[in-house]
Amino acid sequence: MFDVRSIVLYLIARYCRVAGKGITRTRIMKLLFLVDYMYWKRCGRKLANLEWRMYLFGPFSREVLGILDELEDGGKAIVEEIERGVYLYKAYEEPANLSEAVKSLVDEVVEKFGKLSLNELLNYVYSLDEVKRTGIGEVIL
C-alpha cells in the first residue's frame, strides 16, 4: 500500500495544474476512488488503504475527510469555503515520495476524468458494475 496522504496531495496539486482551479471534496472523492479502482482492476489489489463504501452520493471513504483536514492543518492544502458546505481545495506542492507509476496513474485519471463536468464524472462512476451492484453502506472496494 502507498501513502494515502501523498496520493491525495498529488491528486489535488495535479488537478489544480491541469484545470487551473481548485477542486471540490466531491470531485476529490470520486477521482481518488477512480485511482484506487483502476489500480485494483489492473493489479488485483487496492492502491490505497482506504475503505470505499456506497453512500447516497456514490463511493465514499471517511478516511479521506480526515486526510483533507490533516493537509489543511499542516499547511499543505489551502481550503476555501465557496458556498455553504462547499469547499475548494488547492495545493501546488507535489509530494516527492510517490513512485512514478503512482503519479502516472493519478495523471491518467486527472487527464481523463478531471475535465468532465461533475454530472458527467458522477454518471461515469455510478455506471461502474462494482458501484451499481453495491447497496447503501456496503463496501465497494
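The values are calculated or read from the model by the stated rules, or taken from the named source; none is laboratory data. Everything quoted here is computed from the prediction, not taken from an experiment. Counting neighbours? That spans all protein chains shown, and the Cβs are built from the backbone with ideal geometry, glycine included.
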key: Flag if residue 105 is hydrophobic (A, V, I, L, M, F, W, C), at pLDDT 95 or above and either part of a strand (DSSP E or B) or surrounded by fewer than 17 Cβ atoms within 10 Å (Cβ to Cβ) (or both)   = no
inquiry  = Contact list please: Cβ distance under 8 Å, first residue in region 121-141 and within 15 Å of residue 50 (Cβ to Cβ), second residue of a type in the set (Ser, Thr, Tyr) and surrounded by 10 or more Cβ atoms within 10 Å (Cβ to Cβ), pairs at least six apart or on different chains.
reply    = 130/37; 140/134; 141/37
task = Pairs only if they're at least six apart or on different chains, beta carbon under 8 angstrom, first in region 60-77 and on the phi > 0 side of the Ramachandran plot, second surrounded by fewer than 19 Cβ atoms within 10 Å (Cβ to Cβ); list them, first residue then second.
result = none
ask   = Applying the selection to region 22-56, what residues are in contact (Cβ under 8 Å) with a residue 40 or more places away in the chain and of a type in the set (Lys, Arg)?
value = 25, 27, 30, 46, 53
Residues located in region 2-22, provided they are touching a Pro at 6+ places or on another chain (Cβ under 6 Å) and not polar (S, T, N, Q) = 9, 10
ask   = How many of the residues making up region 99-128 are in contact with a helix residue (DSSP H, G or I) (Cβ under 7 Å, 6 or more places away or on another chain) and farther than 17 Å from residue 34 by Cβ?
value = 0
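Okay, residues lined up against (1) loosely packed, with under 15 Cβ neighbours inside 10 Å; (2) farther than 28 Å from residue 83 by Cβ; (3) modelled with pLDDT under 95; (4) of a type outside the set (A, V, I, L, M, F, W, C):
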{"residue": "1", "(1), (2), (3), (4)": "yes, yes, yes, no"}
{"residue": "4", "(1), (2), (3), (4)": "no, no, yes, no"}
{"residue": "12", "(1), (2), (3), (4)": "no, no, no, no"}
{"residue": "18", "(1), (2), (3), (4)": "yes, no, yes, no"}
{"residue": "31", "(1), (2), (3), (4)": "no, no, no, no"}
{"residue": "41", "(1), (2), (3), (4)": "yes, yes, no, yes"}
{"residue": "47", "(1), (2), (3), (4)": "no, yes, yes, no"}
key: Matching residues, region 48-91, being of a type in the set (Lys, Arg) and outside any loop (DSSP other than H, G, I, E, B)   = 53, 62, 90
